[in-house]
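J.: Got a structure here, written out as C-alpha cells. Questions coming.
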Amino acid sequence: MKHSVLTAFPQDFLWGASTSAFQCEGAAAEDGRGPIGRDLHKPVPGTTDFSVASDFYHHYKEDIALMAQMGLKTFRFSISWSRILPDGTGEVNPKGLEFYSKVIDECIKQGIEPLVTMFHFDMPAALERRGGWGNPESVQWFVDYASILYKNYGDRVKYWLTINEQNVLIFLAEKYHTLVFPKECPNVLQEIYQQNHRMLVAQAKAFALCHQLCPGAKIGPAPNISFVYPASCKPEDTIAAENYNAMRNWLYLDVAVHGRYNEIIWAWLKEKDALPVFAPGDAEALAAGKPDFIGFNYYNTLTCEEDDGSRPLSQATDQQTARGESGMFRGCANPHLKTSPFGWEIDPVGLRVTIREIYARYHLPMIITENGVGAAEELTADGKVHDDYRIAYLKAHIEQIGLAIADGCEMMGYCPWSAIDLISTHQGFKKRYGFVYVNRDDFDLKDLARYPKDSFYWYKKVIASNGEDLG
Ligand code: BG6
C-alpha cells in the first residue's frame, strides 16, 4: 500500500535503546552477584569473557546521563537474576536489589521510563547445576524471582518484559547448549520442547502475577521474530514458509497471547513423539496469563523452500541465519537482500511485513525491543566514530515503522540494540552495536571511556522531532 500522507508517530511513542545485564554490566563477582553459566565456561576463542563487559555497573550514572542527552524516552535493560538471588532461589542479595533500584531511580530522575527484562540469557549457575529449565521446579523459581522484582520495583517500573528470545534459546539448544540437558536424554527433541513449555508456563504465571502485584503496569514477551518468506511462489515453498514461521515465530506468540499451542507445531511434535507433558494446572495457567503488549526483537527476515530430501539442510550458524528442519523447510539466502559486515541479511521492508503480520495475528500494541547492526569500529584521533552505515540502517527501519503505523498497526516504541557498546553474544567486543563507543577491546580494557558516535547525534534529532527528521 502506498500512502499519500503518513501518520505521525504517536506523541507518547517510546523512543529508546536496549542493553542486557551480562553483556554490559561487568562487576561479575562484585557485591554478592552469583555466577551465571557463561562465567564458568571458556569464552568463544578470540573473544573476551563477560567479567568487565562495558562496566555499566560502575558507569551507570554517566551512561544514563548520556541516554538522557540523546533524548531517550525509555531504556530497556535486563536484571541479572543471580545479582538478585546469587543461588537463583532463597536468600536475596541486598546489594543486588539496591543496584537496580539505583538504576531505576536514575532513569526516572532523567525522565527515562525503565523497560525491564527479567531474564536475558543469564541463568544463574546454581540453577544450571540443578538442571535449569529441565527441572520441573524451574517454573516456580522464575515466578518467585519475578515476585521479588515486582515487590521491589513495581512502584516505579511500568513496563516489563519476561524472557528475552525464548525462541532463540530453543532453536539453538542442541548446537550451542543454550539449555541444560540431563545426562541421560533419550529424546532430545522432547526435552527441548518440555523445557520450552516450562518457560511458557513460567511466563504466563509472571504475566498474571504482574497484573496482581503491580496494577497499572504492562507486561509482554520478547521473542526474536524473523518473518519467513517462501523462496518462490511454488505452493510447496509457501507451506515450508508457514512451517518455519510457526516453528520460529508463532509458537511462542500463540501461547503467550492465546494460551494455546500452534497447531502446525503441535502436529509436528506429535509425529516426532516429542509432545510436552502438561503438569497439573499448566493449561489453566497458560489460559490465565495474558500480555498487554508484544515486545519483539527484529534483525532480519528469513527465507526458505520446500525440503524434498534431495539436498542437505542448512545449519544455523547463529540466531539470524536460516536453517533447515527435515520434512518441514530448508532455509536459503534471499537474493534480494544485502548483508551486514557480519553476514546478516538486512531487510527494513521485512520489518513492516513483520509488524503487519504480528498485528493481524494478535491485535496488541507492539514495541521493538531490539534492532540494529553490528560492526567493527575504530575511534578517530579526535574521539569520533563515523557510523554512517548504522544511521542508514536505523533510518531505513524507522521509515518502515512509520509506514506500518500508516497501515494501521499500533506501535508503542522502538529500542535499537544497543544503547552503548557491549559484548556480542558470541563475537566479542569487536562486534559493536552502540550509539556510544566504549573504549575497550576484547583483550585490552583501556580506560572504558564513553564517546558518542555520529549515530548518537542523529538519533537525538530523530527523537526530538518524534520521527519526522530522519536526516
Ligand atoms: C539478540 C540478543 O539475539 O541479538 C542480544 O537478544 C544480542 O543479546 C543481539 O546481543 C545481537 O546478536 P549478537 O550475536 O551479535 O550479539
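Residues checked against (1) under 18 Å from Asn249 (Cα atoms); (2) aliphatic (A, V, I, L, M):
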site: Ser314; (1), (2): no, no
site: Glu345; (1), (2): yes, no
site: Thr354; (1), (2): yes, no
site: Glu357; (1), (2): yes, no
site: Leu364; (1), (2): yes, yes
site: Ile367; (1), (2): yes, yes
site: Ala376; (1), (2): no, yes
site: Ala381; (1), (2): no, yes
site: Ala396; (1), (2): no, yes
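J.: Still on this model: What are the residue pairs meeting all of these: first residue in the range 114-126, first residue open to solvent by 10 Å² or more (accessible area, probe 1.4 Å), second residue part of a strand (DSSP E or B) and within 14 Å of the ligand (Cβ to nearest atom), Cβ atoms under 9 Å, and 6 or more apart or on different chains?
T.: Listed by first residue and then by second, the contacts come to Phe121/Ile36; Phe121/Ser78; Phe121/Asn164; Met123/Ile36.
J.: Just for strands (runs of 3 or more DSSP E) wholly inside the range 350-467: which have at least 3 residues that are β-branched (Val, Ile, Thr), open to solvent by less than 20 Å² (accessible area, probe 1.4 Å) and modelled with pLDDT of 95 or more?
T.: Here the list reads 366-370.
J.: How many residues does the range 201-232 hold that are outside any helix (DSSP H, G or I) and aliphatic (A, V, I, L, M)?
T.: 6
J.: Does the range 209-225 include one or more residues that are without any contact (Cβ under 8 Å) to a residue 12 or more places away in the chain and out of contact with any strand residue (DSSP E or B) (no Cβ under 9 Å at 6 or more places or on another chain)?
T.: yes
J.: Determine, yes or no, whether Asn224 is open to solvent by less than 10 Å² (accessible area, probe 1.4 Å) and within 27 Å of His426 (Cβ to Cβ).
T.: yes
J.: Would you check which residues across the range 114-145 are of a type in the set (Asp, Glu), outside any loop (DSSP other than H, G, I, E, B) and in contact with a helix residue (DSSP H, G or I) (Cβ under 7 Å, 6 or more places away or on another chain) and list them?
T.: Result: Glu128, single match.
J.: Tell me which residues, restricted to the range 407-465, are on the phi > 0 side of the Ramachandran plot and within 16 Å of the ligand (Cβ to nearest atom).
T.: Residue satisfying the conditions is Gly428 alone.
J.: Right, something else. Restricting to the range 80-108, what's the tally of residues that are out of contact with any Gly (no Cβ under 7 Å at 6 or more places or on another chain), assigned to a helix (DSSP H, G or I) and of a type in the set (Gly, Ala, Ser)?
T.: Count: 1.
J.: Continuing with the same structure: Restricting the search to the range 157-184, which residues are more than 21 Å from Thr317 (Cα to Cα), in a loop (DSSP other than H, G, I, E, B) and modelled with pLDDT of 95 or more?
T.: If we filter the range 157-184 for residues that are more than 21 Å from Thr317 (Cα to Cα), which is where we start, we get 157-163, 182-184.
When the remaining residues are screened for being in a loop (DSSP other than H, G, I, E, B), the result is 157-158, 182-184.
Selection gives Val157, Lys158.
J.: Can you say whether Ile148 is assigned to a helix (DSSP H, G or I) and either without any contact (Cβ under 8 Å) to a residue 60 or more places away in the chain or within 16 Å of the ligand (Cβ to nearest atom) (or both), as far as the supplied structure shows? If you could, list the steps in order and put the result at the bottom.
T.: Values: assigned to a helix (DSSP H, G or I): yes; either without any contact (Cβ under 8 Å) to a residue 60 or more places away in the chain or within 16 Å of the ligand (Cβ to nearest atom) (or both): no.
No.
J.: Is it the case that Ser80 is of a type in the set (S, T, N, Q) and buried (at least 23 other Cβ atoms within 10 Å of the Cβ)?
T.: When the stated conditions are applied, Ser80 passes them.
J.: Any residue that is farther than 20 Å from Phe456 by Cβ and not β-branched (Val, Ile, Thr) - is there at least one of those in the range 64-77?
T.: No.
The values are calculated or read from the model by the stated rules, or taken from the named source; none is laboratory data. Remember, predicted model here, so these are calculated numbers, not experimental data. We place every Cβ from the backbone using ideal geometry, glycine too, and count neighbours over all the protein chains shown. Heavy atoms of the whole protein, side chains included, go into the accessibility calculation; ligands, DNA and RNA do not. Shrake-Rupley method; radii C 1.70, N 1.55, O 1.52, S 1.80 Å.
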